[in-house]
Amino acid sequence: MSVYLDNNGTTPLKEEVKEVIRQSLDVFGNPSSAHAEGQKARLALDHARRQVAQAVNVRSEQVVFTGSGTESNVMALRGFLNVCPHKRLITSPTEHSSVYNTAEVLKDEGFDVVYLPVDEDGVICLEALDKELSSKPTSLVSIMAANNETGVKQPIQKVAEICKKHGVKLHIDAVQLLAKEVIDFPTMGADSIAISFHKIGGPKGCAALILKNEVQMTSLITGGGQERKRRSGTENMLGIIASGEACAQVQKSIEDMPRLNSLREKMEQGILNITPDAVIVGQNAPRMDVTTCVMVPNTSAEMVLLSMDMAGVCISQGSACSSGRSVPSRVLTAQGFSEEMALAGLRISMAWHNTAEDVEKFLTAYDQTMSRMKIKKEKVS
Ligand code: PLP
């Protein structure tokens, strides 16, 4: 089995989730049907919805199941913008592509889209947000709670205060925050948050948008009126049941964070011992306990990743691959890093299943990779 350190990309299923899936394989009814099989499914759906609601401290009616974190983000953006007379969105240049690329399309459709400046850690400028909101009527602010590439957290509580002062709606992409920190939706001050269950030991293709009770918005998918008319389509029953169980494990995952944080410290120290020139992104900002984004000058993340993969260690690169060519990470260049440095960006992200042995194996493979690439400084005897 490889050492899997790409948990911000996706996680394996938790054992408890696998067990619940096994037990639910015969729940086949359509929860909208009035007969016994339908009602069995309805009970399971209601139970899972309560489990998700509990994980973020809301009532069941506030949970809208969707097909991905991407869909949840797009639903929030388009759903809120459609009911607002102003055509202005404020977001940041380091958002996940589900927000960033949607914002770019909205720009083409005639919306005024403002990207807030970020500092070299990727933290947005709150003064700029306040100024932008004072300058023109705005429909929506959309900011991520924690960055998927760097783990850097945004000051969402302060963002919420500023949005409240200006009476502007706020959507938070909390996909990377769930199960890493307590999410208390009622005190966050947001109108909606996106969460996605494959990041927390649940299945892929199942996510949710959590909404304030009284919000007005349009839905992306119209049809049979499921999810209180907010997202039509027969529910992904197995996915939702499994996601409910993944949410029941959230508290346990949060309690495991100090252990993962100390593993990460050990790993980062090891990286710096092997490659003293390495830059750990966001080191001075609040960061999630599980994510390390590191750039080693004069390396190609793609080559490092392949070499690590051959050694049985799965990590990820920040840059994207387009037409067979690596494109520097938009997130890192927005933070002021050169394209060359951004192409060196690696992401290592941990989760509950990682151990001290995994970190040892990672460091051995990293040491071998850097020696092979002649990046490692040879010891002076
Ligand atoms: N937002 C963030 C911060 C993410 O990290 C991701 C997934 O990587 C998403 C949104 C999209 O979630 P999904 O993969 O469920 O579409």
Would you mind pulling out the separation of the Cα centroids of region 221-276 and region 279-317, in Å?
-> 21
GNM top mover of K229, K136, K164 - the chain, alpha-carbon springs below 10 Å | K136
So, with points 7 Å from each Cα along the Cβ direction, the H47-S262 label distance in nm works out to 3.7
Region 95-204: which GluC sites (Glu not before Pro) are DSSP loop and have at most 11 other beta-carbon atoms within 10 angstrom?
-> E109
Cα-based reach from K229 at 13 Å (exclusive), listing aspartates and glutamates while leaving out same-chain residues under 8 positions away = E61
Spatially proximal aspartates and glutamates relative to K136 (Cα-Cα < 17 Å; intrachain offsets below 8 disregarded) | D112, E127
Each residue of region 245-262 in order: what ³J(HN,Hα) in whole Hz does its phi give by Karplus 6.51 cos²θ - 1.76 cosθ + 1.60, θ = phi - 60°, with x for Gly and Pro?
-> 5, 4, 5, 5, 9, 4, 4, 4, 5, 5, 5, 7, 4, x, 4, 5, 5, 6
Rounded accessible area per residue of the chain, 1.4 Å, Å² = 44
Could you go through region 66-80 in sequence order and give the Karplus-derived ³J(HN,Hα) for each residue, using 6.51 cos²θ - 1.76 cosθ + 1.60 with θ = phi - 60°, rounded to whole Hz, and x for Gly and Pro?
-> 10, x, 5, x, 4, 4, 4, 5, 5, 4, 5, 4, 5, x, 7
Karplus ³J(HN,Hα) for region 295-306 (6.51 cos²θ - 1.76 cosθ + 1.60, θ = phi - 60°; Hz, whole; x = Gly/Pro) runs 10, 9, x, 6, 10, 9, 4, 4, 5, 4, 4, 5
Mind checking which lysines have their C-alpha under 30 Å from K18, skipping anything on the same chain fewer than 8 residues away?
-> K40, K180, K199, K204, K252, K361
Largest fluctuation, E268, E15, E71 only, Gaussian network model of the chain with Cα springs under 10 angstrom, belongs to E15
Taking the Cα centre of region 96-152 as origin, work out the dipole magnitude from +1 charges on Lys and Arg Cβ and -1 charges on Asp and Glu Cβ, in debye rounded to 20.
-> 200
222 nm mean residue ellipticity, helices alone, for the chain (DSSP H n ≥ 4; -39,500 (n - 2.57); rounded to 500) | -12000 deg cm²/dmol
Using a Gaussian network model of the chain whose springs link C-alpha atoms within less than 10 Å, name the residue from A334, A190, A351 with the highest mean-square fluctuation.
-> A334
Nearest 10 degrees, 0 to 90: what angle lies between the long axis of helix 15-24 and the longest principal axis of the chain (Cα atoms)?
-> 30
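The values are calculated or read from the model by the stated rules, or taken from the named source; none is laboratory data. All values derive from a computational prediction rather than experimental measurement. Cβ atoms come from the backbone with ideal geometry, glycine included; neighbour counts cover every protein chain shown. Areas reflect the complete protein model, heavy atoms only, side chains present, ligands, DNA and RNA absent. Shrake-Rupley method; radii C 1.70, N 1.55, O 1.52, S 1.80 Å.
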